[in-house]
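Written out below as structure tokens is the structure these notes cover.
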Amino acid sequence: MDAVANELDHRYDLADASIAAYRRDGFVHLPGVLGADTLAPYRREITRFVGESTQKAEPLEQRTTYGKAFLQVSNIWESSALVKEFVLGRRLGRIAAELMGTTGVRIYHDQALYKEGGGGFTPWHTDQVYWPIVGNHTITAWIPLVPVPIEMGPLQVSVGSHRCAFGRDLTIGDESERVLARTLKDLPIHERAFALGDVSFHSGWTFHRAGPNRSDTTREVMTIIFMDEDAVVAAPKNGAQQSDLQRWMPGRKPGDHAASALNPLVYSSRS
Ligand SMILES: O=C(O)CCC(=O)C(=O)O
């Protein structure tokens, strides 16, 4: 376990070209970020949580489009010491900070996104529409726990869409898929298979989706959302942001430093 813990905290050699790509395109897909041995114990633990919390899920055909996209379980780090070690690892946090150009990052929350075999597509959306955070220094690490070939529905990104202001008020669903497929049609779409250990990072304002899972195996993915260590709470713009504020930054209000007990510092070059 020591070698594993070491990798989670050890610096990844992030190329300047990857930082430039993230800032230009709104995302970057990095190879070989975590080894298979590192991922294995966390995969088992995360899968156990997803299994426990989703036994009550309705059959796929009875769910909404969004419900068919994936089973999701949030903030597993609060309940599992093992997952806490994974989510608070400095390696991913440092990559996130270096990509955004911040001195450090805190956790906003984590989320397992398991697209079942036969599961549907994930509609176009941005993540930051849900987050009451000032500015644009938010980032999602998309971490496959199994290899994800195209047929299993890897992340698709609209390249450069973090600069588009249109559609930022659309929450995920049939409407966002319909409107954004049209709006984003002139931008290239990036879709690439993920080898085990690859991790991609996308900005909170980058539009993304995923295809359906055409295999009979679950696409197991963990995500960690990081924000600037100095991020400030924004006034909620919609009901989703209001509930996010209460759930992910309890006790904080607009204008406060986004540093509740649920937003630990993961990496800082200041300390
Ligand atoms: O995994 C997916 O299907 C979508 C991922 C996503 O929306 C995200 O990581 O923000």
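The values are calculated or read from the model by the stated rules, or taken from the named source; none is laboratory data. Note that the coordinates shown come from a computational prediction; the quantities given were computed from them, not determined experimentally. Virtual Cβ from ideal backbone geometry, glycine too; neighbours counted across all protein chains shown. The accessibility values were calculated without ligands, DNA or RNA, using every heavy atom of the protein model including side chains. Shrake-Rupley method; radii C 1.70, N 1.55, O 1.52, S 1.80 Å.
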Cβ pairs under 8 Å, 6+ apart or interchain, first in segment 38-53 and polar (S, T, N, Q), second open to solvent by less than 30 Å² (accessible area, probe 1.4 Å) and assigned to a helix (DSSP H, G or I), ordered by first then second residue, are Thr38/Val4; Thr38/Leu8
Checking Ile189, Ile150, Ile139 in turn, the sole residue that is open to solvent by less than 30 Å² (accessible area, probe 1.4 Å) and of a type in the set (A, V, I, L, M, F, W, C) turns out to be Ile139
Checked segment 1-10 for anything open to solvent by 20 Å² or more (accessible area, probe 1.4 Å) and in contact (Cβ under 8 Å) with a residue 60 or more places away in the chain; matches are Ala5, Glu7, Asp9, His10
Asp13: passes all of (1) at pLDDT 95 or above; (2) in a helix (DSSP H, G or I); (3) loosely packed, with under 13 Cβ neighbours inside 10 Å but (2)
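Would you say Val146 is within 12 Å of the ligand (Cβ to nearest atom), of a type in the set (A, V, I, L, M, F, W, C) and under 17 Å from the mean Cα position of the chain (by Cα)? Walk me through it before giving the result.
On the way: within 12 Å of the ligand (Cβ to nearest atom): no; of a type in the set (A, V, I, L, M, F, W, C): yes; under 17 Å from the mean Cα position of the chain (by Cα): yes.
When the stated conditions are applied, Val146 does not pass them.
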Within segment 153-183, restricting to residues that are charged (D, E, K, R) and within 22 Å of Arg24 (Cβ to Cβ), the one that is least open to solvent (accessible area, probe 1.4 Å) is Arg168
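For (1) open to solvent by less than 40 Å² (accessible area, probe 1.4 Å); (2) more than 30 Å from Arg214 (Cβ to Cβ), each residue gets a yes or a no:
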| site | (1), (2) |
| --- | --- |
| Ala20 | no, yes |
| Leu34 | yes, no |
| Glu52 | no, no |
| Lys56 | no, no |
| Pro59 | no, no |
| Gly89 | yes, yes |
| Gly101 | no, yes |
* To do: May I ask you to verify whether Tyr130 is more than 25 Å from Ala234 (Cα to Cα) and among the aromatic types (Phe, Trp, Tyr)?
  => no
Arg214 fails exactly one of (1) open to solvent by 50 Å² or more (accessible area, probe 1.4 Å); (2) touching a Pro at 6+ places or on another chain (Cβ under 9 Å), namely (2)
